[in-house]
1. Magnitude of the Cβ-charge dipole of the chain, K/R +1 and D/E -1, about the Cα centre, nearest 20 debye?
2. Which of the lysines could be linked to LYS168 by a straight reach, that is with a Cα gap under 18 Å, when you skip same-chain ones fewer than 8 residues away?
3. Need the full-extension length gain, ALA281 to ASP67, defined as separation in residues times 0.36 nm minus the C-alpha distance. One decimal, nm.
4. Nearest 10 degrees, 0 to 90: what angle lies between the long axis of helix 273-285 and the longest principal axis of the chain (Cα atoms)?
5. Can you give the direction-averaged projected area of the convex hull of the alpha-carbon atoms in the range 128-292, in nm²?
6. Stretched out fully, how many nm does the piece from SER212 to ALA21 gain, at 0.36 nm a residue minus the Cα gap?
7. Tell me the mean residue ellipticity at 222 nm calculated for the chain from its helices only (DSSP H runs of n ≥ 4, each -39500 (n - 2.57), averaged over every residue, nearest 500).
8. Between HIS30 and ASP203, what is 0.36 nm times their sequence separation minus the Cα-Cα distance? Round to one decimal in nm.
Amino acid sequence: MRVLGVETSCDETGVAVYDAAAGLLAHRLHTQVAMHQAYGGVVPELASRDHVRRLLPLVRAALAEADAAPASIDAVAYTAGPGLIGALLVGASFARALAYAWAKPAIGVHHLEGHLLAPLLEAQPPEFPFLALLVSGGHTMLVDVAGLGDYRVLGESLDDAAGEAFDKTAKLLGLPYPGGAALAALAERGRAGAYRFPRPMLDRPGLDFSFSGLKTAVRVALRDRVLDETDRADVARAFEDAVVDTLAEKCRRALRATGRERLVVAGGVGANRRLRERLGAVAEEYGASAHFPRPQFCTDNGAMIALAGCLRLERGAVRGPSVPARANWPLDEAGN
Ligand code: KG4
Ligand code: ZN
C-alpha cells in the first residue's frame with residue numbers, strides 16, 4: 001500500500017508519499033508564514049490561493065523524490081477538516097481530481113487524527129491504545145485513543161488553544177506572528193521564577209483547559225511598563241512555565257484516570273523543548289512511555305496525512321466525511 005497525502009487546512013501546503021512497507025518515502029512542505037506575517041495572522045483567501053499555486057509542483061517533487069510513478073500510488077489522502085474551508089476545499093478538490101484521474105480512491109482524513117498519528121512516523125512508534133495530548137494553534141485536548149478512528153475526547157480548552165496563547169503572548173512581547181517558537185527561544189534566556197503567572201484550572205478537578213486568563217495575566221503584568229531584554233525573556237519563561245505546568249498536571253490526571261501505558265504528544269506546541277522534557281518525566285512517573293513526533297512533524301505537514309490515509313486504506317476504513325470538506329468536524333466523528 002502506498003498513499004499520497006495532501007495537507008492544506010491552514011497556512012501550510014504539505015505533500016508526502018507513505019508506503020506501508022517502506023515507511024515515509026518523501027515529504028515536501030511550503031509554509032505561507034512570510035506571506036501572512038504582515039497581517040499578524042492567516043488571511044484565509046490568500047491561504048487558499050497560495051495552496052492552488054503550490055500543490056502541483058510539490059506533488060511532482062514528492063513523487064520524484066520517492067521515485068514513485070503515479071501508477072504505484074494506491075490512494076490519495078487529503079485533510080478534509082477541520083480548518084479554513086477555502087483552504088480545505090483547494091486540497092480536497094485537488095486530491096479528489098488526482099484520485100479520479102488515477103482511478104484510485106480519495107480518502108478524507110481528519111486533521112487531528114493526522115496529528116495524533118504523527119508519532120507513528122518515528123523509529124519507535126507507539127502501539128494502540130494510548131493517551132494523546134494534542135496541543136496546536138487551534139486545539140488543546142486530551143484524547144483517549146483506543147485504536148484507529150476510536151477517539152474519546154477526555155478534556156479540551158474552553159477558550160484559547162495552547163498555541164493560540166503562545167501566539168497572542170508572543171505578540172504582546174513584540175514578536176512576529178506566529179510567535180510560539182520565537183517565544184520559546186526567548187524563554188530559553190529567561191530566569192525561572194522572576195515572574196509568576198497563574199496555572200489555569202488546576203484548582204478544579206477534570207481535564208479541561210483554559211488559557212485566555214493566562215494571556216490576560218501577562219497583559220496586566222506588562223501594562224504601562226517598558227521592558228528591557230532581560231524582562232522580556234523572564235516574562236516569556238514565566239508564561240512557558242505556566243503552560244507547561246498546566247499541561248503536565250492534566251496529563252498526570254489523565255494517565256491516572258485511564259491507566260494508559262503510552263503518552264503521545266502531538267501538534268505544533270509539541271515542538272516545545274521544555275514541554276517535551278517535562279512530559280517525558282511525567283510519563284516516567286507513571287511507568288508509561290512518551291512518544292513525540294520530530295519537531296518538523298509536530299506542526300502541520302503532509303506526512304501525517306499520508307500515514308493516516310495508509311492506515312485507513314489497510315483497514316478498509318476509507319469512508320471519510322459525507323462532504324468533501326468540513327470546516328468543523330468533531331474528532332469523535334472521525335470514523336472507523
Ligand atoms: O499544529 P500546528 O502547526 O497548526 C494547527 O493545526 O494549529 O500548530 C501551530 C502552533 C502555533 O500556535 C505555533 O506558535 C505553535 O504551534 N508552536 C509552538 C512551537 N512551535 C510551534 N509553540 C510553542 N513552542 C514551540 N517551539
Ligand atoms: Zn494542525
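1. On the way: 37 positive and 39 negative charges, 44 e Å.
Roughly 220 debye, rounded to the nearest 20.
2. LYS215
3. On the way: separation 214, 0.36 × 214 = 77.04 nm, distance 4.06 nm.
Answer, rounded to one decimal: 73.0 nm.
4. Relative to the chain, helix 273-285 is tipped by roughly 90 degrees.
5. Working: hull surface 36.1 nm².
Computing the convex hull of the Cα atoms and averaging its projections yields 9.0 nm².
6. Working: separation 191, 0.36 × 191 = 68.76 nm, distance 4.41 nm.
Fully extending the segment from SER212 to ALA21 adds 64.4 nm.
7. Values: 10 runs with 139 residues, N = 336.
That comes out to -13500 deg cm²/dmol.
8. Values: separation 173, 0.36 × 173 = 62.28 nm, distance 4.18 nm.
Length gained, HIS30 through ASP203: 58.1 nm.
The values are calculated or read from the model by the stated rules, or taken from the named source; none is laboratory data. Here the structure is a predicted model, which means the values were calculated and not measured. All Cβ positions, even for glycine, are placed from backbone atoms using ideal geometry, and neighbour counts span all protein chains on display. To get the accessible areas, we keep the full protein, side chains included, count just its heavy atoms, and leave off ligands, DNA and RNA. Shrake-Rupley method; radii C 1.70, N 1.55, O 1.52, S 1.80 Å.
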